[in-house]
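Structure first, then comments.
The values are calculated or read from the model by the stated rules, or taken from the named source; none is laboratory data. Owing to the predicted nature of the structure, the values given are computational and were not obtained by experimental measurement. Counting neighbours? That spans all protein chains shown, and the Cβs are built from the backbone with ideal geometry, glycine included. Please note that ligands, DNA and RNA were not included when accessible areas were found on the heavy atoms of the full protein model with its side chains. Shrake-Rupley method; radii C 1.70, N 1.55, O 1.52, S 1.80 Å.
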Amino acid sequence: MTSTTETRITIAPRARLPAASSWTLTIAVVVALLALLPLGFVLWATVVTGWETALQLIFRSRVGDLLVNTVLLVVLTIPICAVLGVSLAWLTERSDLPGARFWSWLCVTPLAVPAFVHSYAWIGLWPGFNGLPAGVAISVVAYFPFLYLPLSAAFRLLDPALEDQAASLGLAPFAVFRRVVLPQLRLALCGGALLVGLHLLAEYGLFAMIRFDTFTTAIIDQFQSTYNGVAAYMLALVLVLCCFVLLGLEASLRGRSRYARLGPGVARRPKIARLGKWKYVALLLPAVTAAFALGVPVLTLSRWLIAGGAGVWRLDEVGLALWQTLAICLIGGLATTAAAVPIAWLSVRRPTRASRFLEGCYYLASSMPGVVVALALVTITVRAMLPLYQSVATIVLAYVVMFLPRALVSLRASIAQVPVEIEQAAASLGRSPGNALLATTIRLAAPGAAAGVALSSLGIMNELTATQMLAPNGTRTLAMAFWALTGEIDYAGAAPYAVLMVAFSLPLTFLLHHQSKKIAGR
Amino acid sequence: MTFLTLTSLRKQYGSVAALDGVDLSVTAGSRTAIVGPSGCGKTTLLRLVAGFDAPDEGCIVFAGQQLADARSQVPAHKRGIGIVAQDGCLFPHLTIRQNIGFGLEAEASVKNARIAQLMDMVGLDPAMLARKPDQLSGGQQQRVALARALARKPRLMLLDEPFSALDTGLRAATRKAVTDVLTAAGITTLLVTHDQGEALAFADQVAVMRAGKFAQVGSPREVYSRPVDVATAAFLGEAIVLPAEVADGRAQSPLGVLPVDDIAYRGKAEIMLRPEQITVAQNGGDGVFATVAEINFCGPISDVRITLGDAFTFRIDISSRETLSAGDRVTIGVAGAAHLFR
């Protein structure tokens, strides 16, 4: 009786795909192809090089050394970051640590300091500190917030009823943590660890400054000495393979499980653990972390600023660099967010296998290190499209490839909050599909788009590797100027640039923290 | 034999008293239901017994051991008390087998045998063991939650509205299954619910809770037919409350002279009848005359409003086989004694 009407109702929305969605899909596919350009380039370069030369260039002791360095760096840094991230997230979210909110902010703030500024700060204090120990130590302070952020959000989302239930089944508190809490943190741990790992593979400035060789630093050395050596391409190939290993590991560890809480209703607020007399011992952890992650940069920067005096603030140069940086951040941020709109809309409104696959392409493309993206775009423009070499268009494309997921995450969240009925109402009032989309969903998703622009700008501001290789002639961003000056051992002269980068990154970092709280529902 | 004793338990959340002095004793092997509207403090009471929260005042004694008072508490994991929560609260990251075996400490073969036995006990297909909780229906999840709690052979089982998230049909079937399993295992049970029908059907002892206190504790029959006050009467089911003049076990009321269950009382009082004591007859018979003011057909029964002159009006459900219409004159008969509120 009712079955016919029910069938009609469920089929109706799918029957006519609005013309807008086919256009959106086309644009999304084009952007995905552009994003996959660097990866395709590396594969093409390998084929062109020929197996024999390729094998010769890959299986040599230099590559072996770099591989050992990279593996040691990743294997040491990620577990330390994970332990630090879980401990800090637990202390700030689930214990009565004095000033938990304050510490929570401090745990995110290191992200406002570019990784190579961390490095600069450490060798400013300990000039002899280099090699693997320095690489691990500085990486931990620079990147642990990537684990802290998702972990603290995950702690807020945990349903405390599960922990009560486990206790009623006879588990002591530590066993509850190990068997119920930790498994539920797995998604956050895997995601955060992947992010840290990819940053370790991609980072140039941090490791170059402490003379620790990784694939990225080696590729840049190679690039600067021979310009387009085949050797650089083969190093890039190995680096890409390393990224794939990380991606594969993360995918297999993450599993397919759903961790959302079952059943209706709102979760009770988590119970807050009483630290009692351990309170002051526990305070040591965030305090020591903050001392290294924030105290060291603040100390070094203020020392150099005082030593340099007013003389280091050459207003013409600093002002120009600031202006150029802001311009490129804004252009890059807008372009990245605009490029993310089609796929964000598709993944919310038309979640099909195709849109999920496309989304995967964007994430894969953005996990390619900046040096690989830059190397690919340099070679392609020089060989095939010389007018585009070192043009604004090329560098913006590099930023789109590298930072699109940042814009995608914020956009998707805010599009999902706009009810589809509003879009349909606009269509019923005579707007064309594209027009309806623009007038309703896109308009209402504006706050998410703004956050997307801000977050990708944060990435662009602190990006050094690709910017250096791709920036148009005469461009000198804050990061580039800072790097050039430290290269000339003018640490005092570099300080104002670092201070400006931190000053402009701080509000964006806080936005990131705020957004992660919002996504977690608080 | 008293198995669980709660003595003047108090628990304050901010300025709100969730529990305002609760006393209860539960005998071994019995089933007790705590029933009350939402927010009356019944879940808080259960959380204190389970050991998830600590009381501000009062104490909990269980099988001769003091579990909690204001100063010290035995932690939840050392109490040996099982709990089944409203939504089952299965661990989403574990399979059904791992969920049921969660609290079991034994070698694999013993554990698997026990898990199979528990699945059989709660009437679930062993093929489900490899599934994740989100692949099960609500009723199945509740059975798994029960099996998981039973696995440790608890001496006391707490049920926190375990049936309220289920559909009406499934609710009765699941309740029956759970009751049978618990009875067969001889486990003392404490059920918390806001559904008075469920409480009356489930328990040997019912505690009616209101604003952090027990209004009445007694057998289901006692609290239903001899409630302490009008609010308790109305909470446990439809109640027709009449003003009356009482003397020598007889009450002069708008429904005529009725026997009451209190022969000592004299004077004005309120008396209560349950709807099943009342008969509505169309063609004469014993009783007082009344008028049908309004009738709503609801399928098998009809909801009728009856007035006795201008003084008194009440609603009652009658079988739809009676063909009444508004304005009809009817005779109201009463069976059994009315309950008197002192």
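Take the accessible area of chain B alone and of chain A alone, subtract that of the pair, and you get about 2300 Å² summed over both chains, using a 1.4 Å probe. Just the number, please: percent antiparallel of the DSSP beta bridges in the protein assembly as shown, rounded to the nearest 5. Around 75 percent antiparallel, to the nearest 5. Classified by the C-alpha gyration tensor, the stretch A:266-367 has an oblate form. Its axis ratio a/c, with a ≥ b ≥ c, is 1.5 or above, and a/b does not exceed b/c.
For A:K277, the aspartates and glutamates whose Cα comes closer than 19 Å to its Cα, not counting residues fewer than 8 places off in the same chain, are A:E93, A:D96. Within the accessible area of chain B, the carbon and sulfur atoms contribute 50%, probe 1.4 Å, all protein chains present.
When the residues A:K277, B:K11 are ordered by accessible surface, computed with a 1.4 Å probe over the protein chains alone, the sequence from largest down reads A:K277, B:K11. Dividing the convex hull volume of the alpha-carbon atoms in chain B by its residue count gives 175 Å³ per residue.
Legend: translational diffusion of the stretch B:170-322 by Stokes-Einstein, Rh = Kirkwood radius over C-alpha pairs, 20 °C, 1.002 mPa s; D = 118 µm²/s. Kindly report, to the nearest 10 Å², the accessible surface of A:R350 as traced by a 1.4 Å probe over protein heavy atoms only. Its accessible surface works out to 60 Å², give or take rounding.
Each of the peptides B:288-294, A:278-284 was scored by the mean count of other Cβ atoms within 10 Å over its residues; in descending order, highest first, they stand as B:288-294, A:278-284. Counted by Cβ distance under 13 Å from A:V371, the other residues give a net charge of -3, where Lys and Arg count +1 and Asp and Glu count -1.
Centre-to-centre separation between the Cα atoms of the stretch A:276-332 and those of the stretch B:283-342: 83 Å.
Positive contributions from Lys and Arg (+1) and negative ones from Asp and Glu (-1), summed over other residues with Cβ under 12 Å from the Cβ of A:G131, come out at 0. A loss of 40 Å² or more of accessible area (1.4 Å probe, protein heavy atoms, ligands and nucleic acids excluded) relative to the isolated chain is seen in these residues of the stretch B:61-81: B:H77. Note on B:H194: accessible area approximately 80 square angstrom, rounded to 10, probe 1.4 Å, nucleic acids and ligands left out.
For the set A:L157, A:L72, the ranking by accessible area, highest first and with no ligand, DNA or RNA atoms included, is A:L157, A:L72 under a 1.4 Å probe. Annotation: B:Y224 carries an accessible surface of approximately 60 Å², with a 1.4 Å probe and no ligand, DNA or RNA atoms counted. For the residue pairs B:K11/B:K153; A:K271/B:K11; B:K11/B:K213, alpha carbon separations beyond 23 Å are given by B:K11/B:K153.
Taking every residue in B:92-104 and counting other chain Cβ atoms within 10 Å of its Cβ, the average works out to 4. Candidate membrane-span-like segments in chain A, meaning DSSP H helices with Cα atoms spread over at least 30 Å of their own axis and a Kyte-Doolittle mean of 0.0 or above, are A:61-94, A:131-157, A:230-254, A:315-349, A:392-416, A:491-519, with no membrane implied. With all protein chains kept in place, the per residue accessible area of the protein assembly as shown amounts to 44 square angstrom at a probe of 1.4 angstrom. Taking Cα centre as origin and charging only the Cβ of basic (Lys, Arg, +1) and acidic (Asp, Glu, -1) residues, the dipole magnitude of the protein assembly as shown rounds to 1040 debye. Can you show me the helix-derived [θ] at 222 nm for the protein assembly as shown, built from DSSP H runs with n ≥ 4 at -39,500 (n - 2.57) apiece and divided by the number of residues, rounded to the nearest 500. Helix contribution divided over all residues of the protein assembly as shown: -17500 deg cm²/dmol.
Per-residue mean of foreign Cβ neighbours for B:136-146 is 1 (Cβ atoms of other chains, 10 Å radius).
For the peptides B:96-102, B:143-149, residues were scored by their other Cβ atoms within 10 Å and the scores averaged per peptide; the highest-first order is B:143-149, B:96-102.
Remark: the Cα gyration tensor places chain A in the oblate category, a/c being 1.5 or greater and a/b not exceeding b/c. On chain A, 69 percent of the accessible area sits on carbon and sulfur atoms, based on a 1.4 Å probe.
What net charge is computed for the residues neighbouring A:A232, neighbours being all others with C-beta under 13 Å from the C-beta of A:A232, Lys and Arg scored +1, Asp and Glu -1? It works out to a net charge of 0.
Taken residue by residue and averaged, Cβ atoms of other chains lying within 10 Å of the Cβ of B:150-160 number 1.
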